[in-house]
Every structure is written in structure tokens, then in C-alpha cells.
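One structure is given here, and the rest of the page talks about it.
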Amino acid sequence: MRALVLALLPSLALAASPAPARRATSLLIPMDPAAESGSVKMEGYMNEALGNFSGFTVRKSEEIFGLPADPNAQSAMERARKGYSESAAAFDKKEYDDAETKVRATLKELQNAPAAMRGCSPLCESLALYAALLHLRGDVEEAKLVLIDLIAVSPTFELNPKRFSRDFIALRVQVATGRTSQLRGSATVKSRPAGARVYVDGEMAGYTPVTIPALTVGKHLLRVERPGFRQYGQLMEVTPDDVEVSTELVPTAAYKAYDAQLDRVASEVSRGISQANGVAGLGKSLGLERAMVGTVRSHGEGTELILGYYDLRNGRKLGGRRVVLQGDEFGQLKSEMERMVNQLVNTSEGGGEKVVRSSDPLDNRGGTEDWGAEDRGGRTRKQEKSKKPGDDPLDGVSGTEDW
């Protein structure tokens, strides 16, 4: 008997082990330039919804296609870090002419480094050092202009009192509270293709094309990124007039190979064929097993989405939807995409997928559940069933019997 149990243990362990999670993602194909701007955002919403299912390991677009850095920006960043270190050392030794020469060269390198920057260092330190050097030699107005740039890119940057004089720190306060620092301007950022994420001074500002209002005048760190394309950045100069920045993003070789398959895939999705060989080939090249694949097209004042849910191992279509979305003015797009994904997965997988319990206590409630459980007097059916006969002498009497 003991030998039989020992022999069965390996098979029991295999039977108890959970099935491996399937690698899944969402891929949307914009069919016109106007549809490009929302496709990346919609993919993100759908991937969030897929992530709620315990049977999936979701691979986001940036994981599949990458967010390759700009090698020129990285090289400029390395030179700038070294240049600032040498400038600061010369400043601390009071070798001001040498420090100014080196910090000027550092700021020139930083003009080419924003795509590699994730904070204001060493830009903020270099601007502060350069302004202090200008102040020391009596160019107060020039120092103020540099301080305006410093305050614009990082309003909370603190000057080190051990390095900078009390008079220079007071000048920084004067500039921060002055009229020029209160001026605002807007910046419009565009890219080809559209739909790229825009970061200003490290904060997400939207997807291209986007207009960012009420920016303080001066320099700002701009970074633009889209999965499968080289990251772009620049030091953007904001003035009281409107500023516009346009860039053409550079695709990677892997993204070009992916893009070459999209015409066939878009045709299969649009026609809704049940066995999509092009979709299967796409899944094989990306190493995926499940995907929400759709086409997005501008449709009057809305956006037409044709969405298919596919088993990428064989290209079999498991389900599909066709809808016209009416924008995202009130933040409704995320919930609409989530509902579509949930409906397609639950219907197509036969209820086999388990959704992770939401942290929202009102999730899956429409707000009308209790209405059907009440009569017109507000009494619930549960209360009626629990009531004992004879408790109420007027029970069953309407008051109109004698009439």
C-alpha cells in the first residue's frame, strides 16, 4: 500500500499544479492618422483589464517592442555629468574662469541630453552654478535669466548654502517672486506617428498631439516616447506666446518587422474571419498565446473599433465586437474598454477565466439591485417572507372592502 502511494505522488503533484499563465496582450492597428492618437491609450486600458484575469501574463507594448534610448543623448548625458563634476570642483576652489568655461560646455552637452534625463540632474545643478558665476562677475540681469530657466524646470530646487552666497540665494528668491516668473505659456507637442506619451519635467502630460497649458516661462524638459520607437527629448523654451514642437519618431528594426505584417492582420480583423493565419503569424513572431487585436478608424465625431479576441497559437477567433466610441471627455473610455475585454474573455473562454476581485466595493453593481426586491411600499420580499401570520391585524386589508 505504501509503495502504491509513493508511486502515485508524482502524478498527484502534476494534477495539483496550476496551468501556466498564457502570455497575452492588446494590439490596435490605426487605419488613419486621426486614429493614431488614441490607439496607445486604448491598448493600455485593455491591458489593464486583461491583467485582472488570473489566467494571463500580460505583456505591455513597451515590453514587446521596447522603449529604446537615444544613444547620442546617453553619450551627451555622460559627458555632461563629467563636465558638471569638473565645473563644481573648480567653483569650490574659486577658480571661477575655469568653472565658467566648463559649465558652459556642460550646458551645451545638456541641450542634446533630454531624451536620457529622468530628473533635472545635472541640468538644475549646472544652471544654478552658471547663474552664480554670472552673479559673481556682476552680470545680475543675465543671472536672473538663467534662474528663470532653473525655476521653470524645477520650482522646488534648493540652492546649497555651503556653496552659494547669501546674496545669490536672495536673488533666486527675488526672481521666483518676480513678475516674469508668474508669466505662463502653452506648448503643443506633435509626433509622427501620433499617440506617443509626452512627459514635461518628468510628469505625464498626455498623448500626442497634446497642448499643455499654463507652463511657466523658461526651459522645460520634454520627453516623447512610443513603444517601438527611439525616445525623443529636448529642452523646450516656453514663452508667453504659444510654442509648438513636432518630431518624427524613429522606429526600431523589430517594430518595422511588426509593421510589415499589419496590412494582412488588419484585413483579417476587419472581415472577421474565423481562422486568421496572419494573426497567428503575428502571435508567433511576438511570442504570445492570446491577444485582443483590433482596427481603429475615425468615424465622424467618434472612433470605430473592430475588436477580435484570438488564440494566437492557431489564429482561431474566439470572439469579437464592433463599436463606435464617442471620445473620452468624461473619462468613460477606460470603463468602456474594460467592459468589452471582460465580456469577450468571459464569453469566449466559457467562464473558465477567473477575474481577480476588484478593490472597488461598487464593482459589478448597477445601483438597481434592491429595486426589484421591493414592493411599491418599500417593503422587501425578504421582510415579507420573515413576517409571521397574524402579526398585523390589517395585513391583507386594503381599506376599501366596505365600499
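The values are calculated or read from the model by the stated rules, or taken from the named source; none is laboratory data. Quick caveat: nothing in here was measured; it's all calculated off a predicted structure. All Cβ positions, even for glycine, are placed from backbone atoms using ideal geometry, and neighbour counts span all protein chains on display. These accessible areas exclude ligands, DNA and RNA; they are computed on the full protein's heavy atoms, side chains included. Shrake-Rupley method; radii C 1.70, N 1.55, O 1.52, S 1.80 Å.
Summary table
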{"read-out": "Cα-only radius of gyration and Dmax that characterise the stretch 142-209, units Å", "value": "16.0, 49"}
{"read-out": "Gap separating the Cα centres of the stretch 223-286 and the stretch 30-66, nearest whole Å", "value": "12"}
{"read-out": "Most to least accessible of Ile148, Ile273 (protein chains only, probe 1.4 Å)", "value": "Ile273, Ile148"}
{"read-out": "Using θ = phi - 60° and Karplus 6.51 cos²θ - 1.76 cosθ + 1.60, couplings along the stretch 32-49 (whole Hz; Gly, Pro as x)", "value": "7, x, 5, 7, 5, 4, x, 5, 5, 4, 5, 4, x, 5, 5, 5, 4, 5"}
{"read-out": "Fraction of accessible area attributable to carbon and sulfur, the stretch 208-297 (%, probe 1.4 Å)", "value": "48"}
{"read-out": "Residues whose placed amide H lies under 5 Å from that of Ala205, excluding near-sequence neighbours", "value": "Val198, Tyr199, Val200"}
{"read-out": "Calculated FRET value between Ser75 and Arg104, using beta carbons and R₀ = 22 Å, to 0.05", "value": "0.70"}
{"read-out": "Virtual spin-label span in nm between Ser85 and Lys334, 7 Å along Cα→Cβ", "value": "4.2"}
{"read-out": "Pairwise FRET efficiency - Lys94 versus Ile169, Cβ, R0 = 25 Å, nearest 0.05", "value": "0.90"}
{"read-out": "Using a Förster distance of 35 Å, the FRET efficiency for Ala257-Glu158 (Cβ separation, nearest 0.05)", "value": "0.15"}
{"read-out": "Neighbourhood charge, 15 Å Cβ-Cβ cut-off, centred on Leu249 and excluding it, Lys, Arg +1 and Asp, Glu -1", "value": "+1"}
{"read-out": "Calculated from backbone phi, Karplus (6.51, -1.76, 1.60) coupling profile of the stretch 311-320 in Hz, x at Gly/Pro", "value": "8, 6, 6, 9, x, 6, 7, 9, x, x"}
{"read-out": "Summed side-chain charge close to Leu333 - residues other than Leu333 whose Cβ falls under 13 Å, Lys, Arg +1, Asp, Glu -1", "value": "-3"}
{"read-out": "Residue-by-residue Karplus 3J(HN,Hα) for the stretch 271-285, coefficients 6.51, -1.76, 1.60, Hz, glycine and proline x", "value": "7, x, 5, 7, 10, 9, 5, x, 5, 4, x, 5, x, 5, 5"}
{"read-out": "More than 24 Å apart - percent of Cα-Cα pairs taken over the stretch 196-334", "value": "50"}
{"read-out": "Neighbour net charge for Arg322 - beta-carbon separation under 14 angstrom, K R +1, D E -1", "value": "+2"}
{"read-out": "Residues whose placed amide H lies under 5 Å from that of Ser191, excluding near-sequence neighbours", "value": "Thr247"}
{"read-out": "Projected area, mean over directions - the stretch 199-249, Cα convex hull, nm²", "value": "3.5"}
